[in-house]
Amino acid sequence: MFETFTILTLQQYWWIIISILASLLVFLMFVQGGQTLIYTLGKTDTERTLIVNTLGRKWELTFTTLVTFGGAFFASFPLFYSTSFGGAYWVWMAILFAFIIQAISYEYRSKPNNFLGKRTFEVFLFLNGALATILIGTAVGTFFNGSMFSVDKLNLTHIYDSAISRWETPFLGLEAVLNPHNVALGLSVFFLSRILGILYIVNSVKDENIFSRGIKQMYYNAIPFLIFFLYFVIALLFKEGFAYSPGTGEVFMEPYKYLHNFLQMPLVLLMFLAGVVLVLAGIAMFLFKKSNKGIWYSGAGTIFAVLSLFLIAGLNNTAFYPSTFNLQHSLTIENSSSSHYTLSAMSYVSLFVPVVIAYIYWVWKSINNKPIEASDLDDNQTHVY
Amino acid sequence: MTENFDYSLIDWSRAQFALTAMYHWIFVPLTLGLGFIVAIMESIYLKTGNPDWKRITKFWMTIFGINFAIGVATGIILEFEFGTNWSNYSWFVGDIFGAPLAIEGIMAFFIESTFIAVMFFGWDKVSKKFHLISTWLVAFGASLSALWILVANAWMQMPVGMKFNPDTARNEMDNFWEVLFSPMAVSKFTHTISSSYLLAAIVVIGISSWFLLKKRHLVFAKRSMVVAAVFGLVTSVFTILTGDYSAKVIAKHQPMKFAAFEGLSVGQRGAPLVALGIVSSSPDDPNNENVKDFAFKIEIPNFLSYMAFQDFNAFIPGVKDLMEGNEEHGIMSATEKIVRGRLAIDALAEYKAAKKAGDEVKLAEAQQILDENFKYFGYGYFENNPQGLLPNLPLTFYSFHIMVMLGFWFFVFFALILLLVYKNRISTSRFWLKIAIVNIPLAYIASQSGWITAEMGRQPWVIQDLMPTMAAVSKLDSGAVIVTFVLFALIFTSLLIAELKIMFRQIKNGPKPGGN
């Protein structure tokens, strides 16, 4: 089946897969957002333990999505993998550090004799929550604003200086924070993850105190989220974008490129609008109707909104990883992808994705069938972390 | 342009990758094996309904969880380090290498991460049967993820199923099945997982022995020991058989690594197997100061030839033959390969130039030279340094021999433990119980030695014959890599200390009463 597709179709197909994984990842970062709220929502040890335990059931899902996102990006667009990771070194390394300290913190936090102490592991969880969301958001911001790198495959023939991809600033990616548009996306992701964190926690923990603190915290996070997100979206729609000519691959600046992308792909625009409405609906249900089902609305909304942003970054003849050092070195889905053979072989593997989502959903339902509460913590069967 | 490599950058990048890989490999083999041991224990619990078995299962599950978390944490770093530190590599072979990593994520990691939640949180939330299935799925998921990453590693040792495309300046996959079922992939996977199962069995027996020595939880300890010893005996046989197969594959496809770990300086027919040896400190050959003979050795005549090629008189090339060439046996010298590699590299540059100029004649010419010499492409980077083609010979030799000797010893040990259990003398055999505890660090040494043999023995190649480390590394300031190396070293070490302290405390506390 897939072998008969043109290379462009496969490249678009894989960009959509990458976008879906990215959108799932941002949704699942409710775990990270929740981690930054352990002390804000939980004032007693029991409350904090409840929060850690309910997040602890899901951290691996987020982590695995990140790993799969990385692997899938490597397999489908290897030139991005080699250019961005090898160049924006400090950014990716900081993200990695933020993730090493997460995995063990759940497992070791409440175990006796844990060397660093409970508090340290809680600080680790906070750091992971804050750094991972802000940094990943800021890094994705560069998809719309570009980075200073060059790519020249001929370098491979220079024996002593053979690196194909080079970062052209000494700050190795850190310079991305100098662009307020990138940072606005980073902070949007941070506050969004906290919104989702609150919604997930009140959905899966039965505790009145946590619930009422959640209401207050929702205002503190929803308002800055809206400010940063609106700034990001408005600036995006009015800015010049990185377009390329389909035949020659020549990259050029096009005014209102991302606005054009929305208008030329109305389904994506619809998805984006639906996403924003759903995110707001989830927040409103929680704030004004005291419903604990908001996570499903805001969660689905997050997936739609992020997916549509990724689609306008890479589809419709747009360079998804632009180079501001030399426009013609920008990465597009066409010049950075794997071969036709690999993309089609991998496409068969992608058919497993619905199966994976199905069993995750099924297991989620059977484990989260009833919210946990303080009395559950006396019982060792539920209380693991 | 500089006329030398930035060796500081290359060495620190290698050190960082080695550090991450070695830490990763402290935690992973135990979870690979313990996953199955726990699943077997839980199956017995379901079959017998005896709550003692639930207690046993849950104790080992806790040990599993402590190791799993840190294995996951170090694993993600490895995946991303291919990009951050080996960016040229990531492009040059990303078309082939990325696929197994992605499949690993989609097919294996999600099974693990989804069902592990059931394993730890599901005891009273799902049916017993569903819980047991989840435990088995976690065990299979872990081994499945090992499959894909080892396929990727095997491909670096023996690149197959691909063709170099000069237009994109990279290798492109043309046969997925060749990649998946290459003899190197089969031997890597089977040998690595069986040796990991073995390691887990040694750990379970060691910890159980400690309980027997302390005269605590006797029933728990004996039962755990029986499961582990049976599992260990079976997997150690499998480890030895797959190890033999691995050596045969390496003899054929990575002759330099084979000569290095077998300690064969000069090739010969009917080559002897050095069972035990100490490498001499002075060079054997004035032209090759890295090639050294033995100060002391015990040999089995003709056995190496037999082992590698099932023929007591087969010729096995030594390090010298591979460096200087051997016409009689059709072995090309390193110098010749370097010349050809350089031809291939220059032909790629000419191809690109001809393409730009639209010169069809030159294009075809360049393509032909490239095709003829591509299999030596990586050698072209050694024009001023042929000695750089040698791996660290003593290190490869020793690590290999340590691994092999310990592997055989563990086989004997499992049989002995089973015998003692059968004769009902295990609780009183204090000497063997103490040996069982000493075996735990030995199993880790064996396991790490295996990887040192595999990875140091293939140096300088990132991809055998096609790309050396110098051409694979990301262009960074070595200072940046030193900073991240130190940070990784600090954080991994503190996590290891935390892990060990927690694990020792859990062991000391022993299994909790009532299966909780």
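Observations on the model:
- Condition check for B:Ala146: over 20 Å from B:Pro511 (Cβ atoms), within 11 Å of another protein chain (Cβ to nearest Cβ) and surrounded by fewer than 24 Cβ atoms within 10 Å (Cβ to Cβ): no
- Within region A:371-384, considering residues that are modelled with pLDDT of 80 or more and under 29 Å from the mean Cα position of the chain (by Cα), the one farthest from the other protein chains (Cβ to nearest Cβ): A:Pro371
- Residues in region B:475-499 that are touching a residue at least 40 places away in the same chain (Cβ under 8 Å) and over 23 Å from the mean Cα position of the chain (by Cα) were compared, and the one that is nearest to B:Tyr23 (Cα to Cα) is B:Thr484.
- Scanning region B:488-499 for residues that are out of contact with any Leu (no Cβ under 8 Å at 6 or more places or on another chain) and either of a type in the set (D, E, K, R) or surrounded by 14 or more Cβ atoms within 10 Å (Cβ to Cβ) (or both) turns up B:Ile491, B:Leu495, B:Leu496, B:Glu499.
- Test result for A:Val189, surrounded by 24 or more Cβ atoms within 10 Å (Cβ to Cβ), at pLDDT below 95, over 30 Å from B:Pro468 (Cα atoms) and β-branched (Val, Ile, Thr): no
- Filter result for the condition that a residue is modelled with pLDDT under 95 and of a type in the set (Ser, Thr, Tyr), over A:Ser366, A:Ser330, A:Ser336: A:Ser366
- Checking A:Asn155 against (1) in a helix (DSSP H, G or I); (2) farther than 30 Å from B:Phe382 by Cα; (3) among the polar types (S, T, N, Q), the condition it does not meet: (2)
- Residues located in region A:226-247, provided they are in contact (Cβ under 8 Å) with a residue 60 or more places away in the chain and either outside any helix (DSSP H, G or I) or closer than 20 Å to A:Gly282 by Cα (or both): A:Lys239, A:Gly241, A:Phe242, A:Ala243, A:Tyr244, A:Ser245, A:Pro246
- Whichever residue in region A:225-236 is of a type outside the set (Ser, Thr, Tyr) and surrounded by 15 or more Cβ atoms within 10 Å (Cβ to Cβ) and, among such residues, is farthest from A:Pro255 (Cα to Cα): A:Phe225
- All told, A:Ala94 falls short of being at the interface with chain B (Cβ under 7 Å from one of its Cβ atoms), in a helix (DSSP H, G or I) and touching a residue at least 40 places away in the same chain (Cβ under 8 Å).
- Note on region B:1-57: among residues that are touching a residue at least 12 places away in the same chain (Cβ under 8 Å) and assigned to a loop (DSSP other than H, G, I, E, B), the one that is surrounded by the fewest Cβ atoms within 10 Å (Cβ to Cβ) is B:Asp6.
- Summed over region A:33-58, residues that are in a helix (DSSP H, G or I) and within 9 Å of chain B (Cβ to nearest Cβ) total 2.
- Subset of region A:65-82 (residues that are facing another protein chain (nearest Cβ under 7 Å) and over 30 Å from A:Lys365 (Cα atoms)): A:Phe74, A:Ala75, A:Pro78, A:Leu79, A:Tyr81, A:Ser82
- Inclusion of B:Leu241 among residues that are under 30 Å from B:Trp155 (Cα atoms) and either surrounded by 21 or more Cβ atoms within 10 Å (Cβ to Cβ) or touching a helix residue (DSSP H, G or I) at 6+ places or on another chain (Cβ under 9 Å) (or both) is warranted.
Yes/no matrix, rows are residues, columns are (1) facing chain B (nearest Cβ under 7 Å); (2) of a type in the set (Phe, Trp, Tyr); (3) touching a His at 6+ places or on another chain (Cβ under 9 Å):
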position	(1), (2), (3)
A:Phe63	yes, yes, no
A:Trp90	no, yes, no
A:Ile100	yes, no, no
A:Asn114	yes, no, no
A:Val123	no, no, no
A:Leu135	no, no, no
A:Ser147	no, no, no
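- Of all residues in region B:252-309 being free of Cβ contacts under 8 Å to residues at least 12 places away in the same chain and part of a strand (DSSP E or B), the one that is surrounded by the most Cβ atoms within 10 Å (Cβ to Cβ): B:Pro283
- Restricted to region A:292-383, the set of helices (runs of 4 or more DSSP H) holding at least 3 residues that are farther than 27 Å from A:Tyr258 by Cβ, among the polar types (S, T, N, Q) and in contact with a helix residue (DSSP H, G or I) (Cβ under 7 Å, 6 or more places away or on another chain) comprises A:340-350.
- First in region B:211-233 and surrounded by fewer than 16 Cβ atoms within 10 Å (Cβ to Cβ), second anywhere and not in a helix (DSSP H, G or I), Cβ under 8 Å, 6 or more apart: B:Arg216/B:Gly510
- Selection status of B:Ile44, modelled with pLDDT under 95 and under 16 Å from B:Phe231 (Cβ atoms): no
The values are calculated or read from the model by the stated rules, or taken from the named source; none is laboratory data. Since this is a predicted model, take the numbers as computed values, not measurements. Neighbour counts are summed over all protein chains in view; Cβ atoms, including those assigned to glycine, are modelled from backbone coordinates with ideal geometry.
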